[in-house]
Amino acid sequence: MSPSVARILLVAGIGMIPATPLSAQEARPSATQSPAIGVIPPSGFTTLFNGKDLTGWRGRPHLDPRTENSWDDAERKAQQAAWDAEVAEHWKVEKGELVNDGHGAYLTTLEEFEDFELLLEYKTVAMADSGIYLRNNPQVQIWDTTEAGGKWNIGADRGSGGLFNNQKHDKHALVHADAPFGEWNALRILMVGSRVSVWLNGKQTVHWTPMENYFDRSAPMFRKGSIQLQTHGGEIRFRNLSVRRITANESNWLLSLEDDENFQTVFNGLDFTGWAGPTDNYVVEQGTIRCKDGSGGTIFTEAKYADFDVRFEFKLPPGGNNGLAIRYPGSGNAAYDAMCELQVLDNTHEKYAELKDWQYHGSIYGQKAAHRGYLRTAGQWNFQHVRVQGSRITVELNGTVILDQDIADIENLPSGHEHPGRTRTQGHFGFAGHHDPVAFREIRIREL
């Protein structure tokens, strides 16, 4: 374990390893115990349901959040009144449990969440089909997994707890972990970026799998949204619902745990050993490489790489600008002479109001735009994973893929300029400074 990872572990508190159930989960009430009204959640969690009424919840159906966001106040108010009427008809609180008859609008948190951990228990009946929407997106599946339930043809025999609406990534539960009808099931859901891990009754059913955007398959998962309790086809009961917001430091640590022994540290945190280029324009301090304010130029690894993964953390000052030199030849302009330059940019700053779409963070400069809206606030550390394989480049920012492009498929370069280095098959990895004190740390590369 590297020093920075150890530091983040201390900040995170309990070891939140995605492959291992959380110790707090073991300390919470057993699914076989009687529920308690106003049950005290595990340390670090807040209660979503007070055991007495629907404070903190509203009605909302299966709906693209972009549609709801497009409504004016009058339409939104009218729709909400109709949804809340459905909740009043089909939901009730009984002995510290949320009870739904299988119909009506879904219970939806008033609060929205980015990265979080959710704990809850549910009990359902034969023929029911339900789920947990994450950031308004379907869903962690709950259903009748028996043959009599009639859905083995679509995977019900695999068990609840999968990401049923995925198409590209795994959708089925890794193991069948459902309790028999009449017994309570305990769910633990961990979400960072688009990545989700799920445990059902202590068994892992999803391991760090990207959840796909059901409402727009061409776009990444929504950055934030509400938690929804789906109702569909039969009675379902929920209790002991609690949530814990995950900090940026802990998210970075969780994302770093995917590293294996094939990742090699290329920055020792002490000096520029293994690096070349205008290193005098950069400074090493507190385990980071930082471009000096007012300086720039491209520094790069002495080693060359063909196909590789690189994982690192970066921190942008307000308006900060830098870039990743991919397959850099060792001289020249990374945006044109390397295979490409990937933007590292605080594109939220007012001075960048007139950017071209291919200039936003994560974009292949001059060649392909990345999806926007996944950067953290300037001054916070971000986690990024870049894969370069053949002519395809994938950029995952804070757990969400914001770019996946084979540059050989780009026929007309949007910049209007030639990029003569774009066909390079090997070169150095580096940072292309543009006069701002952008910092990098925990830089690790794995050759493919």
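Some observations on this one:
- Within segment 350-368, being buried (at least 20 other Cβ atoms within 10 Å of the Cβ) and either in contact with a helix residue (DSSP H, G or I) (Cβ under 9 Å, 6 or more places away or on another chain) or of a type in the set (S, T, N, Q) (or both) holds for Tyr360, Ser363, Ile364, Tyr365, Gly366, Gln367, Lys368.
- For segment 39-91, filtered to residues that are at negative phi, among the small types (Gly, Ala, Ser) and in a loop (DSSP other than H, G, I, E, B), the residue that is surrounded by the fewest Cβ atoms within 10 Å (Cβ to Cβ) is Ser70.
- Segment 215-229: number of residues that are of a type outside the set (A, V, I, L, M, F, W, C) and either outside the structural domain of Asp129 (by TED's automatic domain parsing) or in contact with a Pro (Cβ under 7 Å, 6 or more places away or on another chain) (or both): 1
- No other residue among Trp199, Trp208 is surrounded by fewer than 20 Cβ atoms within 10 Å (Cβ to Cβ) and closer than 16 Å to Leu163 by Cβ apart from Trp208.
- Residues satisfying the stated conditions in segment 92-125, i.e. surrounded by fewer than 16 Cβ atoms within 10 Å (Cβ to Cβ) and either under 15 Å from Gly182 (Cα atoms) or outside the structural domain of Met191 (by TED's automatic domain parsing) (or both): Val125
This table checks each residue for (1) under 30 Å from Phe383 (Cβ atoms); (2) part of a strand (DSSP E or B).
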{"position": "His103", "(1), (2)": "no, no"}
{"position": "Glu111", "(1), (2)": "yes, no"}
{"position": "Leu118", "(1), (2)": "yes, yes"}
{"position": "Tyr122", "(1), (2)": "no, yes"}
{"position": "Gly131", "(1), (2)": "yes, yes"}
{"position": "Ile142", "(1), (2)": "no, yes"}
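- Selection from segment 160-206 of residues that are closer than 13 Å to Leu119 by Cβ and in a loop (DSSP other than H, G, I, E, B): Trp184, Asn201, Gly202
- Selection status of Gly399, more than 19 Å from Phe222 (Cα to Cα), at pLDDT 95 or above and touching a helix residue (DSSP H, G or I) at 6+ places or on another chain (Cβ under 9 Å): no
- Close Cβ contacts (under 6 Å, 6 or more residues apart or on different chains) running from residues in segment 395-415 that are farther than 12 Å from Ala369 by Cβ to residues that are aromatic (Phe, Trp, Tyr) comprise Leu397/Tyr374; Asn398/Tyr374; Asn398/Phe383; Thr400/Tyr374.
- When Leu413 is tested against (1) under 16 Å from the mean Cα position of the chain (by Cα); (2) at pLDDT below 95, just one condition goes unmet, and that condition is (1).
- Complete set of residues in segment 299-316 that are among the basic types (Lys, Arg) and farther than 17 Å from Asn252 by Cα: Lys304
- Count of segment 269-292 residues, restricted to those that are under 19 Å from His434 (Cα atoms) and in contact with an Asp or Glu (Cβ under 7 Å, 6 or more places away or on another chain), is 4.
For (1) of a type in the set (Gly, Ala, Ser); (2) over 19 Å from Ile227 (Cβ atoms); (3) assigned by TED's automatic domain parsing to the domain that holds Asp404, each residue gets a yes or a no:
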position: Gly155; (1), (2), (3): yes, yes, no
position: Gln167; (1), (2), (3): no, yes, no
position: Gly193; (1), (2), (3): yes, no, no
position: Asn213; (1), (2), (3): no, no, no
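The values are calculated or read from the model by the stated rules, or taken from the named source; none is laboratory data. Here the structure is a predicted model, which is why all the values come from computation and not from measurement. Neighbour counts run over all protein chains shown; Cβ positions are idealised from the backbone, glycine included.
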